[in-house]
Amino acid sequence: MPGPPRRAHYGLARVLSKRGLCSRSEAARWIAAGRVSVGGRLVRDPEHPTAPDEPAIEVDGIAPATGTPRYLMLNKPRGLVTTAADERGRDTVYRCLDGAGPGWIAPVGRLDKASEGLLLFGSDPAWAARITDPSTGPAKTYHVQVDAIPDAAMLAALVEGRDIDGERLRAASATLLRAGTRNAWLEIVLDEGRNRQIRRLLAAFDLGVLRLVRVKIGGLALGDLSKGQWRELDAADLDALWS
């Protein structure tokens, strides 16, 4: 008698993509970086044969979330890197997510190690892609302390922008919030996402960054969330991102 039908198997990257965790190409990068295990064994081959319903897949040592997507916001402290596992052993933002419950969630975009403020997490790749899309994602608002006191002409120049390393970097708006005798706080709004955009732009105008805090994404504000603390986003929060 014929045996039971064989279970269909697909490449591991395809399985991760089909589960809605990320794109197939992003899954391949995760796998090659050693972030994915199957049955407790690290897999580095994106084409590793895997059953679509394989229950023992982990990303960064955590089983991907199933069921209702989750959305969180964190007030990121300085000194943490925005990744799940750092090859240099530095503390990561996941240190702040104790008590966030089981299931895998990923940072949506990033803040560099020296930056702080509003950082989103989620288990919904399509939502994350909308947020981080450089052309259609919501604007992001930062409060930046600089080591000089820019005048109105300088603020206008930040909005005009400058060609830096083959890219046109600019601020959507730049406003003086308050000034001391040697430094000032600016509010800078970005409507596009580029690597270390504010730091590179300000450096081009000989302005050094003393602190950089993201205070708002779209209409979602950091508010009074304490540094290093997180909370779940509710329906009003999700709507506010696009207001």
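The values are calculated or read from the model by the stated rules, or taken from the named source; none is laboratory data. Quantities reported herein were computed from a predicted structural model and do not represent experimental measurements. Here Cβ is always computed from backbone atoms with ideal geometry, including for glycine, and neighbour counts include all displayed protein chains.
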Practice prompt. Report whether or not Ser226 is touching a residue at least 24 places away in the same chain (Cβ under 8 Å), of a type in the set (S, T, N, Q) and exposed (fewer than 15 other Cβ atoms within 10 Å of the Cβ).
Written response: yes
Worksheet, complete the sentence: The residue that is farthest from Gly109 (Cα to Cα), considering only those in segment 122-133 that are small (Gly, Ala, Ser) and surrounded by 19 or more Cβ atoms within 10 Å (Cβ to Cβ), is Ser123
Discussion item. List pairs: first residue in segment 181-196 and within 19 Å of Asp165 (Cα to Cα), second residue surrounded by 15 or more Cβ atoms within 10 Å (Cβ to Cβ) and aromatic (Phe, Trp, Tyr) anywhere in the structure, Cβ distance under 8 angstrom, at least six positions apart or on different chains.
Written reply: Leu190/Tyr142
Discussion item. Just to check your reading of the model, which residue among Ala184, Ala203 is within 25 Å of the chain's Cα centre (by Cα) and at pLDDT 95 or above?
Written reply: Ala203
Item to complete: Quick one: which strands (runs of 3 or more DSSP E) lie wholly within segment 134-208 and hold at least 3 residues that are out of contact with any Lys or Arg (no Cβ under 6 Å at 6 or more places or on another chain) and more than 25 Å from Val108 (Cβ to Cβ)?
Response: 173-179
Fill in: Candidate set: segment 6-65, residues that are β-branched (Val, Ile, Thr) and within 24 Å of Thr92 (Cβ to Cβ); chosen: the one modelled with the lowest pLDDT
Ile62
Practice prompt. With respect to Asp237, determine if the residue is more than 16 Å from the chain's Cα centre (by Cα) and either aromatic (Phe, Trp, Tyr) or exposed (fewer than 14 other Cβ atoms within 10 Å of the Cβ) (or both).
Written response: no
Worksheet item: Taking Leu119, is it within 30 Å of Gly180 (Cα to Cα), outside the structural domain of Ser25 (by TED's automatic domain parsing), surrounded by 14 or more Cβ atoms within 10 Å (Cβ to Cβ) and without any contact (Cβ under 8 Å) to a residue 60 or more places away in the chain?
Response: no
